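*Asks:* For reference, the structure I am asking about is given below.
Quick note: the coordinates plus some simple rules give every number you see, no bench work behind them. These figures come from a predicted structure and were not determined experimentally. Here Cβ is always computed from backbone atoms with ideal geometry, including for glycine, and neighbour counts include all displayed protein chains.
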């Protein structure tokens, strides 16, 4: 008898889980200053609309952000209601039917980057998300150091970048032994695929599906990957932990500590490099990434999109919040305060923005060179394979040819598994 | 047969036994056995969040056969067991011999020994992560200071380095457990045997190799099997320390399955889990038989 | 003479090494937690500051206190229930005769060795179905079940040492079996009950993979997962803060170990070897 009493007590406990009132839960991650800014926006929205919003702070790492959302959505949880999604995994969410269609919400989709919306935000004819900001890889450089070593123009090609780096590194090492010419994302994670795509595309290669097959093991791709490996092991202008630890934030910190001449990163780093405690404040320039001799410039499309969970219990309120985030006013403030490239094109013509963010001119140019990663619901599995083999090549464990050959073969199996 | 035996049990006792056992049976059935069977079932489906669910029977397993990453993770997992468990056994025995002696602060020593085992692995793994850090980790600091290497070692960045790092951390974490098991074995050896051997003129090492080791064998078998099954399921350590890298070289089977769950592919992830389950199950049958043998001896 | 010397030498070297081996990561953890950055200890500047602790305890958006509370609740509740449930079963196993007694014991032992990854996928579906994802129950229910085998073995071992005459006398006096278990057996086997509770608590406190998969945020996330996914407010991995959080996390566990070392060792040896 008592045994059942125990069980009963236990299930009572199960029943006692607290239920929350009608609140929009907004899941977002990012750098500290970004979170602070979101907190401010949320408070303003609450005051203005009288709708309660709770900010659910996610980690900075995009894989971990995805994990939290996948668990919640897959189990049909009511929270979070609104969230930001990386372009890389948005297709998985859309194809899994986790996103509430935004049709009929009165949102004018023409004001957003048309190509981007068409590429990722529309799934089987329905609008399911919209870009909060668009991203592209850019080159940061130390103006003061280029001047010091007598360089009057920026490196146009990767070959030139290498040349500059070698010389400046040799000179700077005398004072700071930790100095490196060029830092970029090479750890085994999504960022590596982005970096590779840029090198490869600027050599005339890329990551493309042709007739349902991934074409990867091509001459230009091998050359690009070889070059990346050589930056670390042969020319040694990139630190040896490039392929183990270097993600966005590690790279940004490295550069911000004044330990590098060039940096490949996303536009978000600009505002942080100019912050008060930055050692490179006022010494940084921004430019499109170089290309290989005879190639064309390339910049990987990144960015975050906002959507509403299909399982949300506050869809109406959530939509209000989504509209708020995508409004001209908020998009402009995101640009001014966080240095983000708004998903809305009209903000780029705003006089305040152009005045206070002169580098937006450069960014607008960058968007001409945008290249996209394959858009597919199983992109994460494809990427997992790519990350593994690209990283093996960087570590020197496999030759670039071998790495790409195996990656192509393994991706073939992934494609076969999921497309039928 | 059942009827025959039933006669020997009083119905009153049977009823009570059933009531007393019911909660345990319910819990284990619902939260362990049912999920295991569920995993077996899911592994026969193509169950992906963005595709129609479809019964594919053994297709997931056939795909595993030609999946290089699966073989790599299987190889890593087995290698990890084969390298770390023996190290733990040797070190664990040494520690057990120490804390079995009548020495000052014995209680304190035992406590110290327990701490690495008692602390959450995910937490201590982060300390190890920092110890192996390329730029300012303790390991490189010491190596450089002592002049053993000129350049910092890229612990977590090379395949071998990452493997060694994982083994060291695992040995640190689980040696205490092995030592405690050996301690129990040592305490079961009657002191008179040693006294007699000493009278017969056997020295310290002879006594250890002729008496202690042979008598510890059953306990050692239990510890070995238990640790092997435990090491097979390694997850926390690789998740925190290496994320399965570099180049996927330290992705354990558990982590490989988990990564598929995360990507929304439950069928394939379940198939990987089933394989791990079967390997572990075979070993645990051996373990159960060994400890059964032991409890027979103890009686 | 020389043999005693050798033995003494081996013992002192061995125990010295053992203490160092076991404790140096914790010492390192403590040192880093007191520095502004991971190199502060060696440089001597920006060392001996409590800023990291202040950050961990006061910064609400880190949710560290939430994680700690979740861990405490989940571990104690599941330990309590697994001890209660397994003491019922241990009573049946040691006091009542029924078919398949030994089979049950060994079956449960085998169950305890199942790799958690092989239950996690389905458990996730089950908990989603019950609407329990990201609640305490989603962890407590499986933790109880996972702790049952060890608790059962420990308690069976303790119960079987209690002379049957005790129950017989009570039975003759007309006491029910429930009464005998709760009034006679459990009080006598209290050390065993306590070991089983301690070990269950520690196992639940340390569990990782289920906590990682079945919770999504601070409302139910436990401290090992919290620390594993810890991202501070300063971009780069905030080692000082992580180590401060780790120190606070292990404090209760270390305290339990120091106070109840005997019970833990007793439980481990009975659960794993003697049976």
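*Asks:* Rank these for me by crowding, C:42, A:38, A:340, going from fewest to most other beta carbons within 10 Å.
*Replies:* Fewest-to-most ranking of C:42, A:38, A:340: C:42, A:38, A:340.
*Asks:* Taking R0 as 22 Å, what's the FRET efficiency between residue C:8 and residue B:215 from their Cβ-Cβ distance, rounded to 0.05?
*Replies:* 0.40
*Asks:* In cubic angstrom, how much convex hull volume per residue do the alpha carbon atoms of segment A:268-334 span?
*Replies:* Output value, Cα hull per residue: 173 Å³.
*Asks:* Taking a quarter of the surface of the convex hull around the Cα atoms of segment C:1-99, what do you get in nm²? Let's see the in-between values first.
*Replies:* On the way: hull surface 58.1 nm².
Mean shadow area of the hull around the Cα atoms is 14.5 nm².
*Asks:* For residue B:106 paired with residue C:39, estimate the spin-label separation in nm (one decimal), with each label point 7 Å from Cα along the Cα-to-Cβ line.
*Replies:* 4.8
*Asks:* When the helix-only estimate is applied to the protein assembly as shown (DSSP H runs of n ≥ 4, each -39,500 (n - 2.57), divided by the residue count), what is the mean residue ellipticity at 222 nm, nearest 500 deg cm²/dmol?
*Replies:* Helix contribution divided over all residues of the protein assembly as shown: -19500 deg cm²/dmol.
*Asks:* Based on alpha-carbon centroids, what's the gap between segment A:90-161 and segment A:363-384 in Å, whole number please?
*Replies:* 8
*Asks:* At q = 0.06, 0.10, 0.12 Å⁻¹, what log₁₀ I(q)/I(0) does chain B have when each alpha carbon counts as one equal point scatterer in the Debye sum?
*Replies:* -0.30, -0.77, -1.01
*Asks:* Report the percentage of all Cα-Cα pairs in segment A:175-233 whose separation exceeds 18 Å, rounded to a whole percent.
*Replies:* 41
*Asks:* Follow-up question, since we're still on this one. Given a Förster distance of 35 angstrom, what is the FRET efficiency for residue A:277 paired with residue A:49, based on the Cβ-Cβ distance and rounded to 0.05?
*Replies:* Efficiency for this residue pair is about 0.50.
*Asks:* If you project the alpha carbons of segment B:65-189 onto the principal axes, what extent comes out on each, in Å, largest first?
*Replies:* Principal axes ranked by extent give 48, 46, 25 Å for the Cα atoms.
*Asks:* Between residue C:162 and residue C:103, what is 0.36 nm times their sequence separation minus the Cα-Cα distance? Round to one decimal in nm.
*Replies:* Full extension from residue C:162 to residue C:103 adds 19.0 nm.
*Asks:* Let me ask you something else. So for the pair residue B:15, residue B:148, with labels modelled 7 Å out along Cα→Cβ, what separation do we get in nm?
*Replies:* About 6.9 nm separates the two model spin labels.
*Asks:* Rank B:208, B:261, B:182 by mean-square fluctuation in a GNM of chain B with C-alpha springs under 10 angstrom and give only the top-ranked residue.
*Replies:* Ranking B:208, B:261, B:182 by mean-square fluctuation puts B:208 first.
*Asks:* Expressed as a whole number of Å, what is the distance separating the alpha-carbon centroids of segment A:185-231 and segment C:193-261?
*Replies:* 40
*Asks:* So, one more: Report the dimensions of segment B:2-83 along its three principal axes from the alpha-carbon atoms, largest first, rounded to Å.
*Replies:* So the three principal-axis extents are 58, 43, 25 Å.
*Asks:* Under a plain spin-label model, where a point goes 7 Å from the Cα along Cα-to-Cβ, how far apart in nm are residue C:259 and residue A:109?
*Replies:* Computed distance between label sites residue C:259 and residue A:109 equals 6.1 nm.
*Asks:* Moving on to the next point. So if the hydrodynamic radius of segment A:128-251 is defined as the Kirkwood radius over C-alpha pairs, what does Stokes-Einstein give as its diffusion coefficient at 25 °C and 0.890 mPa s, in µm² per second?
*Replies:* Rounded, D is 152 µm²/s.
*Asks:* Here's a follow-up. Test of understanding: in a Gaussian network model of chain C with alpha carbons linked when under 10 Å, which of C:79, C:189, C:245 would top the mean-square fluctuation ranking?
*Replies:* Comparing C:79, C:189, C:245 in a Gaussian network model of chain C, the most mobile one is C:189.
*Asks:* Post the alpha-carbon centroid distance, segment B:112-161 to segment A:295-332, in whole angstrom.
*Replies:* That distance is 41 Å.
*Asks:* Okay, next question. Pick from B:289, B:110, B:210: which is most flexible by mean-square fluctuation in a GNM of chain B where alpha carbon atoms under 10 Å apart are linked?
*Replies:* Maximum fluctuation in the GNM of chain B, among the listed residues, is at B:210.
*Asks:* Give the relative contact order (percent, whole number) for chain A; include only Cα pairs under 8 Å separated by 6+ residues. Intermediate results must be reported in sequence, preceding the final value.
*Replies:* On the way: 714 pairs, mean separation 102.5, N = 420.
Here the relative contact order equals 24 percent.
*Asks:* Give the relative contact order (percent, whole number) for segment C:61-274; include only Cα pairs under 8 Å separated by 6+ residues.
*Replies:* Normalised by residue count, the contact order of segment C:61-274 is 35 percent.
*Asks:* Can you give me the relative contact order of chain B as a percent, contacts being Cα pairs under 8 Å and 6 or more apart?
*Replies:* Computed over chain B, the figure is 28 percent.
*Asks:* While we're looking at this one, here's another question. Would you kindly work out the equivalent ellipsoid of segment C:61-274 from its C-alpha gyration tensor and give its semi-axes, the square roots of five times the eigenvalues, largest first in whole Å?
*Replies:* 37, 19, 14
*Asks:* Now for a different question. For B:66-73, what's the mean count of beta carbons from other chains sitting within 10 Å of each residue's beta carbon?
*Replies:* On the way: counts 3, 4, 6, 5, 0, 0, 1, 0.
Taking all residues of B:66-73 together, the mean is 2.
*Asks:* Could you compute the FRET efficiency for residue B:202 and residue C:171, with r as their C-beta to C-beta distance and R0 at 35 Å, rounded to 0.05? List each step's numbers first, then the result.
*Replies:* Working: r = 53 Å, r/R0 = 1.50.
For residue B:202 and residue C:171, the calculated efficiency is 0.10.
*Asks:* Counting pairwise Cα distances across the protein assembly as shown, what percent come out greater than 37 angstrom? Could you put the intermediate results ahead of the total?
*Replies:* On the way: 257900 of 493521 pairs.
That fraction is 52 percent.
*Asks:* Taking the alpha carbon gyration tensor of segment A:244-380, what are the square roots of 5 times its eigenvalues, largest first, to the nearest whole Å?
*Replies:* 28, 20, 17
*Asks:* While we're on this one: Calculate the translational D of segment B:150-299 in whole µm² s⁻¹ from Stokes-Einstein, where the hydrodynamic radius comes from the Kirkwood formula applied to all Cα pairs, the temperature is 37 °C and the viscosity 0.692 mPa s.
*Replies:* 178
*Asks:* Ratio of chain A's C-alpha Rg to 2.2 N^0.38 Å, to two decimals?
*Replies:* 1.05
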